[in-house]
Amino acid sequence: MPSEPIDPPGIGWTRVSPRYITVRLLGWAAGTLLALAVSSLPLFLLAGMLPGFPPVPAWLLPAAVLAVALWRGLLIPRQVRAIGYAERDEDLLIRSGIFFQRVMVVPYGRMQYVDVSVGPVERAFGLASVKLHTASPATNAAIPGLPAAEAARLREQLSARGQARLAGL
Amino acid sequence: MSTAEGGPAAGPLAPDAAGTWHRVHPVSPLVRGWLALAAIAYFFGRDWFETLFRGDQPWAASGGRIGWTAAAAAAVLLLLVGGYLLSWWFTRFQVTKDHVRVTSGVLFRQHRQARLDRVQAIDIVQPLLARIFALAELKFEVADAGESAVRLAYLPLADAQRLRAAILAHAAGVELDPAHPEEAPEAPEHPVLEVPGGRVAGAAFLSGTTVFLLLVAGAAAALTAALDAPAAAAVLLPALFGVGAGYWSFFSTAYNFRAAISPDGIRLRYGLLETRAQTVPPGRVQAVSVSQPPLWRLKGWYRMRVNVAGYGVAGENAAARTTLLPVGTRADVMQMLALVLPDPGTEDPLAVFAAGLDGTGSAGGFQTSPPRMRWLSPLAWRRNGYAATATALLMRSGALWRELVVVPHERTQSMALHQGPLARRLGVADLRLHTTVGPVDPRVLQIDAAAARRLFDEQAARAAAARRAGRPERWLEAPPQAGPPDQALRAEEQPGERAGGGTAPRGAGRMEGGNSAGPEDGGTQDHGRG
């Protein structure tokens, strides 16, 4: 893959915590188990009804699910390492993605409010997510997997900068 | 508009310091609930008529049954009317210098308060029945994108208009005569354009609805021929209903469309049965799009839509409310663009916007997709592109369904660069600008990755600069950085200009100047400073 990213040059990205890889992998494992269980239902049903080996298509479904899940699981560490943010003077930059890359800029003056959320798994790893909201619902500016202290600092920093550069709608 | 009503109780709907509470017009429940009443009348009336036409004596024969029917009807009616009356009695509103407050609800009380200077738009709506009673609903929108912040249904039309003028005057920051605070003059307005009825009919006929109808008719004909069963043509029926509804909704909302400009912003009026008058104060338009369905190219017509915070996309009549111009010629489009963007920020706005409307290539300063994209977008690659003026970003797209989106720099919320695997291989990227909820989706598609990155940086800088120089929320106040505070104060204390006729011709001249002669910097602050 040609690996020239679309990031603006000369930005010092702050990366999220490597522990977030574990959080994502745990979520991925749970999701994969569920998907495998559901996709294996035909297999069990057919195995119960017909004596002998169940037909091949019934095997194919869970196999395909597993293949996709493994591929996604392999991507997770790279995806997490691809998440980054940078605080500039006027705005916050957030990047994410390897295949589908996205670089977003959110001006401090446009922030309506900042969310800090912690799920049970994230809490166990001492992580938190920060989400910025502007007047536009298209602004999907979330930074997951921040260490709790960094999340609190970022929230305070963003609020202070938003206050200083407050603009209307 | 407000003449000699000097007494404390005379101007019933004026914002006052005392904070008098008002109720909406007593007929309102009837106007709102007429459908339920009509349904009841139909249900019981039909029963009665049938009895009558069977030749029986309606009151004598089966007297018990009729009695019960009448009693049930009366009970339901009483409940309904009682409910309406209670809700009317418990709904009160108050307009003060800074806020509008509404309390409503019988069991679950609700108290709502909205800041006047946060107003995004004010509508005066008159459904058919309300027009008969000369009543109107006043809708006050703030940036929420959900339901209207404040809906006052219904007020006498004159009161609604006066209240709108008062709210806009307070929101604009006009200092009123302290002796008569209720005398908020209606801002003078200057008509800009109206859409002839014939053009509305023609536009409906040439719209995408007709294309759809032709496609369905062709499919039905093919089906009939293939199956040799004329009954197969019946599949046309549901499509016909949909098409009829499409024509009707376009015609009824675009009918008698008129636009005007006043110091309080853009005024739009339209409607066949239900009429609506919208006021969008200056600087409240977040994004505007000019689009052209393929068949409209024959006549050179365009449609304009806007994103205004508070209008949203899901609310009732959102499609009509977000329409800035249902169908117009290129001259109309240029005039409306001049209203939305008083300062186009370029030397030759006509050429730039014309290139955006139906130009291709780099005419007008547009930067398009690189030629290597012709394999992916054989028609659109010459159109896909952007151009930046000093005040706005122009985004052009579509070869068949042409569209031009204009976003003022100071209205950019946030933005994002996107690039998928295929786009990376081709060395292109997309830029999306985020704006408030609405029908306009500003984005630049498939431009060279290096150019996209440059645009991303430049646009962030331009938006930041525009925000710093942004105009105040109270649009007739002088901006804070314009001068020492005493100057700003003086500017506030000149309501006479607003009431006098002086503003209208000047505003008009500025508008047409923006259209033909070029930008006049600072035009937006003219009204306030005098």
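Bear in mind that the values in this text are calculations on the coordinates, not laboratory data. Treat the numbers as computed from the prediction; the structure is a model and nothing was measured. Positions of Cβ are backbone-derived with ideal geometry, glycine not excepted, and every protein chain shown enters the neighbour counts.
Amide H contacts under 5 Å for B:Gln446: B:Ala429, B:Asp430, B:Leu431, restricted to partners 5 or more places along the chain or on a different chain, H placed in the peptide plane at 1.01 Å from N. A simple spin-label model places the labels of A:Leu74 and A:Ala164 4.6 nm from each other, with each point 7 Å out along Cα-to-Cβ.
By the scheme Lys and Arg +1, Asp and Glu -1, what is the net charge of all other residues having a beta-carbon under 11 Å from that of B:Val31?
Once positives and negatives cancel, what remains is +1.
By the scheme Lys and Arg +1, Asp and Glu -1, what is the net charge of all other residues having a beta-carbon under 12 Å from that of A:Leu127? Before the final figure, lay out the partial values.
Details: positive: A:Arg19, A:Arg24, A:Arg123; negative: A:Glu122, A:Glu150.
That sum, taken over residues with Cβ under 12 Å, equals +1.
The overall shape of segment A:19-79, judged from the alpha-carbon gyration tensor, is prolate: a/c is not under 1.5, and a/b is greater than b/c. Amide H to amide H, with H built 1.01 Å from N, B:Thr389 comes under 5 Å of B:Leu394, counting only residues 5 or more places away or on other chains.
Dipole size of segment A:31-119 about its Cα centre, with +1 on Lys/Arg Cβ and -1 on Asp/Glu Cβ: approximately 260 debye, rounded to the nearest 20. Which shape class, rounded, prolate or oblate, goes with chain A when its Cα gyration tensor gives a ≥ b ≥ c as root eigenvalues, a/c under 1.5 marks rounded, and past that a/b bigger than b/c marks prolate? Cα axes put chain A in the prolate bin.
Taken one residue at a time, the phi angles of segment B:252-266 give Karplus couplings (6.51, -1.76, 1.60, θ = phi - 60°) of 6, 8, 8, 5, 6, 6, 10, 10, 9, 10, 9, x, 8, x, 7 Hz. Gly and Pro are set to x. Taking amide H atoms as placed 1.01 Å from N in the peptide plane, the amide H of B:Arg402 lies under 5 Å from those of B:Gln292, each 5 or more residues away in sequence or on another chain.
May I ask you to derive the FRET efficiency for B:Ala469 and B:Glu50 from their Cβ-Cβ distance with R0 = 60 Å, giving the value to the nearest 0.05?
Working: r = 72 Å, r/R0 = 1.21.
So the FRET efficiency works out to roughly 0.25.
Note on segment A:37-127: Cα convex hull, mean projected area over all directions, 9.8 nm². The protection proxy used here, the mean number of other Cβ atoms lying within 10 Å of each residue, ranks peptides B:153-163, B:195-205, A:10-20 as follows, highest first: B:153-163, B:195-205, A:10-20. Couplings 3J(HN,Hα) for segment B:349-356, derived from phi with the Karplus relation 6.51 cos²θ - 1.76 cosθ + 1.60 (θ = phi - 60°), are x, 4, 5, 5, 5, 5, 4, x Hz, where x marks Gly and Pro.
Highest mean packing comes first when the peptides B:19-27, B:343-351 are listed by Cβ atoms within 10 Å, giving B:343-351, B:19-27. Inter-chain neighbour count for A:131-143: the average number of beta-carbon atoms from partner chains within 10 Å of each residue's beta-carbon is 5. Net charge in the neighbourhood of B:Trp89 (other residues with Cβ under 14 Å of its Cβ; Lys, Arg +1, Asp, Glu -1) is +3.
Between B:Leu272 and B:Ala217, the simple spin-label model (points 7 angstrom out along Cα→Cβ) gives 1.9 nm.
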